[in-house]
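Trainee: Have a look at the structure that comes next, please.
The values are calculated or read from the model by the stated rules, or taken from the named source; none is laboratory data. Quick caveat: nothing in here was measured; it's all calculated off a predicted structure. Neighbour counts are summed over all protein chains in view; Cβ atoms, including those assigned to glycine, are modelled from backbone coordinates with ideal geometry. Keep in mind that these areas ignore ligands, DNA and RNA; they rest on the heavy atoms of the full protein, side chains included. Shrake-Rupley method; radii C 1.70, N 1.55, O 1.52, S 1.80 Å.
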Amino acid sequence: MDRMKLSVFVIIVAVLAATTTTAATAAHAAPAAPAFPERLDLPSQGLESRVEFWEKVYTQYGEDDVIIHDRIHVNLIYDVAIRDDQTEKIGAVRQALDEIRDNLATPENLSVTAQQIQTAILANDIPLTTESLAELRDNVHTQVGIKERFRQGIIRSGRYVHAFQEIFEKQGIPAEIALLPLVESSFENRALSNAGAAGIWQFTRGTGRLYLNVNRRLDERLDPLKATRAAARLLHDNYNALESWPLAITAYNHGRAGMQRAQSEAGSEIAKIIEQYRGPAFGYASMNFYSEFLAAVDVYNNYEQYFGQLALDKPAGIPSPAPIVTRVSAKTGGKTAAKDRYKVRRGETLADIAHRFGVTVRQLMDTNNLRNSAIYAGQILLVK
C-alpha cells in the first residue's frame, strides 16, 4: 500500500515538473503577438464560409496560385490554376457549368469534371436550376493567393501593433481593428495602390485631406502614428453614423454614404447586406472587406498554426517620413535637431551616408520613405 502511495506521488511530481518545464520553455520562446479575443460587437455569424475562404487565401494559396471560384459564393472553389493556364481552366469551368445545365435531367451523363463541380455547388447549398447555373457561369471569378505577403505582414506588424492598439483603445475603438492594415497594406508604409491610396492605412488623397495634411509639401498619410490617429477618427465617425462596427469597417472601404444607403435598403446586419444589397459600387471588394478583416484577425491570433514560429519585428520608435520633417523644419525650425539631418553632397551615394552614420541602407530608405536608393546633391536626409 505504501509503495502504491509512493508511486502515485512520484507520478504527480513528474507531471508537475513537466508542466513547469513546458511553461519555462514557452517563457523563453520568441515573444508572441498580442492575442485578440473574439468580441460580440465584431460578429461573424452568417459569414463563416466567407471567412473560411479568406483564411485559405491568406494561408494555403501563394502568389503563383490563381483560385477560380464564384464571385458571390466565394468559398465555392472550382479549381486552382497558375497564371499560364488560368484562361484555359476558366474556360473548362464554364464548359462544365454548361454541361450541368444541359444535363439537369440526366446527371449520369456528366463528365468527371462536371460531376466534381456539381458536388461542390450542392455542398454550398446552391440549387441546381437553369437560372442558378446561368448566374454561376456569369460569376466565375479569380483570386490570387497572398500567403507570402500575409506572412510578411504579420512579421512587420510587430513594429506597430502595440502602438496602434493603444491609439484605438483611447478612442474607444475595438483594439482588434488595429489589425486592419493586414488587409489594407500588410503593414507596409510604402504601399501605394492603383487608386493613389498611400501608407499603412491606405488613405486616398480625398479622404486623407479630411483628417490629415496632404499636399505637395506634406503628406501625413506616410506618418504611421498620425495616419493611425486619423484612421481611428474616421472609423469612429463611421461608427457614429452607422452604429455598427461591421458596417463602420466596411465603410472604410466602401465609404460612409455608400454604407448608409446599403443600411437603409437591407438593414444593419452585414450578412444580410452582403446577401441582399446590390448597389452599383458595392462589388467584390466591398462585400468581402469585413470578412477579410475577420479572417486576418483569426490567422494573426493563430499564425504559428499556419506559418510556424515567426520572429516578429520589434516595436521601435516610429519616425515621421523625411519629406514631412525636412519641409516643415526648413521653414519653421522644427524640433528635429540639426545633427539628425544630413545634406547630401555631390557624388555621395546612400551607401556612403549609411556607412558614415553607422546605419544600413535599408534603415535610411525606411526612415526617409525612399522607394529606391537614388538620391541627389542637396537632398536632406534624416539620419538618426
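Trainee: Taking all protein chains as present, what is the carbon and sulfur share of the accessible area of region 57-189, in % to the nearest whole number, probe 1.4 Å? Let's see the in-between values first.
Mentor: Values: 2670 of 6160 Å².
Carbon with sulfur: 43 percent of the solvent-accessible area.
Trainee: Could you provide, to the nearest whole Å², the per residue accessible area of region 152-219 with probe 1.4 Å?
Mentor: Working: 2850 Å² over 68 residues.
That works out to 42 Å² per residue.
Trainee: Follow-up. Per 0.36 nm of contour for each residue apart, how much would the distance between N302 and E135 grow if the chain were fully extended, relative to their Cα-Cα spacing? List each step's numbers first, then the result.
Mentor: Numbers: separation 167, 0.36 × 167 = 60.12 nm, distance 3.60 nm.
This chain segment gains 56.5 nm when fully extended.
Trainee: Accessible area per residue for region 41-105 in Å², computed with a 1.4 Å probe and the full protein assembly in place, what is it?
Mentor: Accessible area per residue: 48 Å².
Trainee: Here's a follow-up. If each of A285 and V144 carries a label point 7 Å out from its Cα toward its Cβ, how far apart are those two points in nm?
Mentor: 1.4
Trainee: Find how many whole Å separate the alpha carbon centroid of region 266-302 from the alpha carbon centroid of region 50-74.
Mentor: Each part's Cα centre sits 14 Å from the other's.
Trainee: Something else about it: If R₀ is 51 angstrom, what is the calculated FRET efficiency for the pair A377 and R278, using the beta carbon separation as r and rounding to 0.05? Please list the in-between numbers first.
Mentor: Details: r = 56 Å, r/R0 = 1.11.
Efficiency computed from Cβ-Cβ geometry: 0.35.
Trainee: For the pair E88 and Q60, how long in nm is the line joining their label points, each one 7 Å along Cα→Cβ?
Mentor: Reported label-point gap for E88 and Q60 is 2.4 nm.
Trainee: Over the Cα atoms of region 54-128, Rg to Rh with Kirkwood Rh, two decimal places?
Mentor: Numbers: Rg = 13.2 Å, Rh = 13.2 Å.
That ratio equals 1.00.
Trainee: Between the alpha-carbon centers of region 157-181 and region 199-257, tell me the distance in whole angstrom.
Mentor: For region 157-181 versus region 199-257, the Cα centre distance is 14 Å.
Trainee: Please state, as a whole number in µm²/s, the translational diffusion coefficient that the Stokes-Einstein equation yields for region 139-211 at 10 °C and 1.306 mPa s, with Rh defined as the Kirkwood radius across alpha carbon pairs. Present the calculation step by step, with values, prior to reporting the outcome.
Mentor: Numbers: Rh = 13.5 Å.
Calculated translational D: 118 µm²/s.
Trainee: For q = 0.09, 0.10, 0.11 Å⁻¹, what log10 I(q)/I(0) does region 124-253 give under the Debye formula with an equal point scatterer on each alpha carbon and no solvent?
Mentor: -0.34, -0.41, -0.48
Trainee: Oh, and also: Given the Cα-Cα distance of D98 and A191 and 0.36 nm per residue of separation, how much length would full extension add, in nm? Display every interim value, and only then the final one.
Mentor: Values: separation 93, 0.36 × 93 = 33.48 nm, distance 4.12 nm.
Separation in residues times 0.36 nm, less the Cα-Cα distance, equals 29.4 nm.
Trainee: Could I ask something else about it? Can you tell me the length gained on complete extension of the stretch V359 to Q45, counting 0.36 nm per residue apart and subtracting the Cα distance?
Mentor: Values: separation 314, 0.36 × 314 = 113.04 nm, distance 4.91 nm.
Net length gain for the segment: 108.1 nm.
Trainee: Using a simple spin-label model with points 7 Å from Cα along the Cα→Cβ vector, what separation in nm is obtained for R261 and L128?
Mentor: Going from the R261 label point to the L128 one covers 3.9 nm.
Trainee: Going by average Cβ density within 10 Å per residue, which order do the peptides 104-114, 266-276, 292-302 take, highest to lowest?
Mentor: Details: 104-114: 11.8, 266-276: 17.7, 292-302: 22.4.
Going by the mean number of other Cβ atoms within 10 Å, highest first, we get 292-302, 266-276, 104-114.
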